[in-house]
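See structure below.
The values are calculated or read from the model by the stated rules, or taken from the named source; none is laboratory data. Being a predicted model, the structure only gives us computed values, none of them experimental. With ideal geometry, Cβ positions are generated from the backbone for all residues, glycine too; neighbour counts draw on all protein chains shown. Heads up: the accessible areas ignore ligands, DNA and RNA and are worked out on the full protein's heavy atoms, side chains in. Shrake-Rupley method; radii C 1.70, N 1.55, O 1.52, S 1.80 Å.
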Amino acid sequence: MPGRPLARAHAIFGALAEAEARVHGVRPETVEFHEVGGHDSIGAICGIALGLGDPGIEVRREHVRTPGTD
């Protein structure tokens, strides 16, 4: 991964480690990722970091409708 997206991915995992550490009362360096350590999660976080680093990619937000709540 290029430098800037790699740094962003590291920052995301760092923030997750800090949150997990607070919840479990441990230091961030001792956190072991279980759900987030899966290949799919790593790919998703790195993909987002790459996408945010590419000015040619536009970010879209969609609202999901719940049936019966028009």
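The numbered conditions (1) open to solvent by 60 Å² or more (accessible area, probe 1.4 Å); (2) at pLDDT below 90; (3) outside any loop (DSSP other than H, G, I, E, B) are all true for Ile57 except (3).
What do you reckon, is Val64 modelled with pLDDT under 70, open to solvent by less than 70 Å² (accessible area, probe 1.4 Å) and of a type outside the set (Ser, Thr, Tyr)? No, not satisfied. Starting from the range 6-33, take each residue that is open to solvent by 60 Å² or more (accessible area, probe 1.4 Å) and list its partners that are among the hydrophobic types (A, V, I, L, M, F, W, C) and assigned to a helix (DSSP H, G or I), counting only C-beta distances under 7 angstrom and pairs at least six apart or across chains. Cβ pairs passing all conditions: Arg8/Ala49; Arg8/Leu52; Arg27/Ala21.
The C-beta contact set for the range 38-53 (first residue more than 12 Å from Phe13 (Cβ to Cβ), second residue part of a helix (DSSP H, G or I), distance under 6 angstrom, 6+ apart or interchain) comprises Leu50/Pro5; Gly53/Arg4; Gly53/Pro5.
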